[in-house]
Amino acid sequence: MTLHPRSITLTSPEETSQFAARLGAELHPGDVVLLEGEIGSGKTHFARSLIQSLMTEPEDVPSPTYTLVQAYDTLAGEIWHCDLYRLSAVEEVEELGLIEAFDTAICLVEWPDKLGSLTPETALKLSFETDPDTMENRHLTLSWSDPKWPFKLESAE
């Protein structure tokens with residue numbers, strides 16, 4: 001698997017939301033986006049912005065930290081927003097039904113390292129990093145191996 005990394009800097013929460021909305025417009029069921037980064041790096045803000053941008057009627061999008069999975073019906077299809085932080089074993093991923101959702105829904109997965117060997121090879125990985133000098137800035141590294149992502153990303157940037 002050859003990764004093709006690209007880095008961008010987002011200079012405000014609004015810019016992060018705008019990028020999330022542009023990427024969301026390119027997503028379809030079967031697309032998996034892995035969201036990596038420390039607590040407070042912007043993963044949930046990004047996911048919330050992406051989901052809300054695809055809703056017909058705006059609604060609250062809570063963090064799935066305690067529910068593990070929140071599902072939303074959107075214009076682009078069903079979106080699963082997953083937070084795997086509290087999982088302790090890869091078998092718990094299967095119990096959530098996430099493996100099937102990888103094929104049938106748009107999946108946004110926070111703390112994707114918990115997927116282990118179940119990580120889809122076709123996923124787009126977004127690694128968020130807070131700028132130590134400017135709390136508003138987020139450095140985002142995008143990496144993928146599936147040939148579908150360059151076109152989707154070109155349209156989103």
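The values are calculated or read from the model by the stated rules, or taken from the named source; none is laboratory data. Note that the structure is predicted; figures quoted are calculated from it, not measured. Positions of Cβ are backbone-derived with ideal geometry, glycine not excepted, and every protein chain shown enters the neighbour counts. These accessible areas exclude ligands, DNA and RNA; they are computed on the full protein's heavy atoms, side chains included. Shrake-Rupley method; radii C 1.70, N 1.55, O 1.52, S 1.80 Å.
Within the range 42-55, residues that are touching a residue at least 24 places away in the same chain (Cβ under 8 Å) and farther than 12 Å from Tyr72 by Cα reach partners that are among the aromatic types (Phe, Trp, Tyr) and assigned to a helix (DSSP H, G or I) with beta carbons closer than 8 Å, at six or more positions or on different chains, in the pairs Phe46/Phe19.
Taken over the range 16-43, the residue count meeting the criterion of being more than 20 Å from Ser143 (Cβ to Cβ) and either of a type in the set (A, V, I, L, M, F, W, C) or part of a helix (DSSP H, G or I) (or both) is 5. Which one of Pro112, Pro120, Pro64 is touching a strand residue (DSSP E or B) at 6+ places or on another chain (Cβ under 8 Å) and either over 27 Å from Ser155 (Cα atoms) or open to solvent by 70 Å² or more (accessible area, probe 1.4 Å) (or both)? Just a single option satisfies the conditions, and that option is Pro64. Contact annotation: residue pairs with Cβ atoms under 8 Å, 6 or more positions apart or on different chains, pairing a residue in the range 86-101 that is open to solvent by 100 Å² or more (accessible area, probe 1.4 Å) with a partner that is assigned to a loop (DSSP other than H, G, I, E, B), are Arg86/Thr65; Arg86/Tyr66; Arg86/Leu68. Restricting the search to helices (runs of 4 or more DSSP H) fully inside the range 58-157 and requiring at least 2 residues that are within 26 Å of Ser12 (Cα to Cα) and among the aliphatic types (A, V, I, L, M) gives 149-156. Looking across the range 86-108 at every residue that is modelled with pLDDT of 90 or more and not aliphatic (A, V, I, L, M), the one that is farthest from Leu23 (Cα to Cα) is identified as Glu100. Please verify whether Leu54 is buried (at least 21 other Cβ atoms within 10 Å of the Cβ) and modelled with pLDDT of 90 or more, treating the condition exactly as stated. Taking the combined requirement at face value, the residue does not satisfy it. Do we find that Leu10 is touching a residue at least 60 places away in the same chain (Cβ under 8 Å), aliphatic (A, V, I, L, M) and in contact with a helix residue (DSSP H, G or I) (Cβ under 6 Å, 6 or more places away or on another chain) in this structure? Yes, satisfied.
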